[in-house]
Each structure stands twice: as structure tokens, then as C-alpha cells.
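Inspection log for the structure reproduced underneath, given as C-alpha cells.
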Amino acid sequence: MGLNLSVMVIDILTIFPGIVQSAISESLLGKAIQERILEVNVFDLREFADDRHRTVDDSPFGGGAGMVMKVEPIYKGVRHCCDRNSAIKHRVLFTSASGRRLDQPFAEELSRETHIVIMCGRYKGVDERAIELLGAEEVSIGDYVLTGGELPALVIVESTARLLPGYMSKIEAAETDSYTTGLLGYPEYTRPQEFMGKQVPEVLISGHHDNIRRYRRTKSIEKTLRFRPDLVTKAKLSDEDRSIINEITKRELT
Ligand code: SAH
């Protein structure tokens, strides 16, 4: 498939290409793609899995229910998208309930990009190392948890596309959402234990449940303090949480 560099290119990686494909072929978005106002390519993440079963998930290090998306297919898939587009700058986004909240200024920022790659999470989320290695930004569409990143990816595409010249005759004002409380999620890891020099945090392999729980709680609080300090103010905190916050604050001051 040739790339038209005069239009914005959005690549979407998913294990359910059908969900995305059907949505982007309808309505204003479908029309805009047909009229080459933007280009949207959908990739099946399983194509980037190496094994016979095209495995994209595995159980989490540190234990717990559910599965985590493996780092290798994601890494290969995103690299493939970046390599086939010669645009100088790639913006890699991962859908995540614990990422930067999508809002109108964010969508405006994205509408000025030339190439955006969106990775759709599933299960409990993705191996944290994929995010780090790819320099990805986690994007949330709001404070609620969906079963997959396909609808959020479509929300990102649509909020961005409608700001492109020629998409709509009249640009409407954005509406703001309201949010509930709670802390953001902690980073997940699955096999392999080491990937491109990146190790899974030692504590998760220790089998020490209380240390794992506290580690995860700390990461959760750290992330919430960083991205959504307003949620920390509203959250119901235990004595342990308060001592974790004190530790984090002390660490940041030194
Ligand atoms: N364990 C995760 C939730 C996993 S839901 C957590 O606590 O944050 C499975 C996938 O759905 C996520 O990896 C993400 O890609 C997508 N998803 C769920 N809710 C989302 C939201 N509000 N915004 C963006 N993506 C979301």
C-alpha cells in the first residue's frame, strides 16, 4: 500500500481489525478517508506474532488474574508502521485507561501531526516495556474501563480527523466530560523477563505478595500524582497510602 504523505496518516494496531475497519468506512470519517483528507490503515497485531498460534498475550509476572499483552508483537508491529512511513516524526499512542486524558486541546495537537500510530490494548493491558521502548504516550478517553482499545482508538481518530481542513464545514465546540474518583493503574509485565536489555522489576519475580502489592500501590500512586493529582485529593487513602505519598514526596525533594 503506497503512502500519500500530503495527508495525515493514522495506523491502528489491533487484534480485532474488523471493529475498527467497519467504523472507519462509515459516515463522515469514511467519506473523509475516501476523499483523502486523511489515511487510516488497520493492522492485525497477530501478524506480528512469531509462533504458530500467533500468541499476543501471556500471564502477568507477579501473579493476579487476567492476561497481559506481550511486548514482542507490539514492538514489531509499531516498528513496522514507523518504518513504512518516511515522515520524520511519528507519534506513538497506546490506548490505556491510565494515560493522559484526551481532550480538545490534545486532539488539536494531534491534528497537527503527520503520522500517528495507535496501539489498541486488550486484556489487563500491555507489557510496560513496550510503552517504554517505543516512546509511546498512553491516552485515555475517560475515567472508565472498557474491554479494549478499539473504541478509544476510534475516538482519538474521530476527534482528530474532524479538526482537519475539509472534514467538516463548521467546527463545533468540544464538550467536557465529568470524572469519577479512584487511582490509576500500575505497570504490567509478562514474559520474557528481559527484552532488549529491559528487565522486569525484581520485586514482581520475588513471589513476595505483600512486597508486590505495596510496589504496585506505590507505582499506582506515583502515576496518579503525575498525571491526575486531582484524583489523589479526592481518593479514599489508607494510612499506608499516606506513607507512600510521603515517601514519594521526600524522594522528589532530594
Ligand atoms: N488493567 C487496566 C485496564 C485494562 S482494559 C487498567 O487497570 O487500567 C483493556 C484495554 O482496554 C486497555 O489496555 C486499553 O487499551 C483499553 N481501555 C480500557 N479503558 C480505556 C479508556 N478509558 N481509555 C483508553 N483505553 C481504554
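Side notes on the structure shown:
- Remark on region 194-253: ratio of C-alpha radius of gyration to 2.2 N^0.38 Å is 1.28.
- For the pair region 177-254 / region 81-109, the C-alpha centres are spaced 24 Å from each other.
- With kT/(6 pi eta Rh) evaluated at 10 °C and eta = 1.306 mPa s, and Rh the Kirkwood radius from Cα pairs, the chain diffuses with a coefficient of 81 µm²/s according to Stokes-Einstein.
- Förster-model FRET efficiency, 41 Å R0, ILE205 and THR233, C-beta, rounded to 0.05: 0.75
- Per-residue ellipticity at 222 nm, computed for the chain from helices alone with -39500 (n - 2.57) per DSSP H run of at least four residues, works out to -11000 deg cm²/dmol.
- Accessible carbon and sulfur surface of region 177-246 relative to its total accessible area, %, 1.4 Å: 51 percent
- Protein heavy-atom accessible surface, 1.4 Å probe, per residue over the chain: 52 Å².
- Structural descriptor for region 1-52: relative contact order 50 percent, calculated from alpha carbon pairs under 8 angstrom and at least 6 residues apart.
- Note on the chain: Lys pairs 8 or more places apart or on different chains, Cα atoms under 23 Å apart, count 21.
- Dimensionless Rg over Rh [region 94-162; C-alpha; Kirkwood]: 0.94
- Per residue, the convex hull spanned by the Cα atoms of region 1-149 amounts to 126 cubic angstrom.
- Taking Cα atoms only, the orientation of helix 239-253 departs from the longest principal axis of the chain by about 70 degrees.
- Ligands, DNA and RNA left out, the accessible area of region 16-121 computed with a 1.4 Å probe is 51% carbon and sulfur.
- Only Cα pairs under 8 Å and 6+ residues apart enter the sum, and on that basis the relative contact order of the chain stands at 20 percent.
The values are calculated or read from the model by the stated rules, or taken from the named source; none is laboratory data. For clarity, every value in this text was computed on a predicted model and none was experimentally measured. Cβ sites come from the backbone with ideal geometry, for glycine too, and all protein chains shown count toward neighbours. The area values use the complete protein model at the heavy-atom level, side chains included, leaving out ligands, DNA and RNA. Shrake-Rupley method; radii C 1.70, N 1.55, O 1.52, S 1.80 Å.
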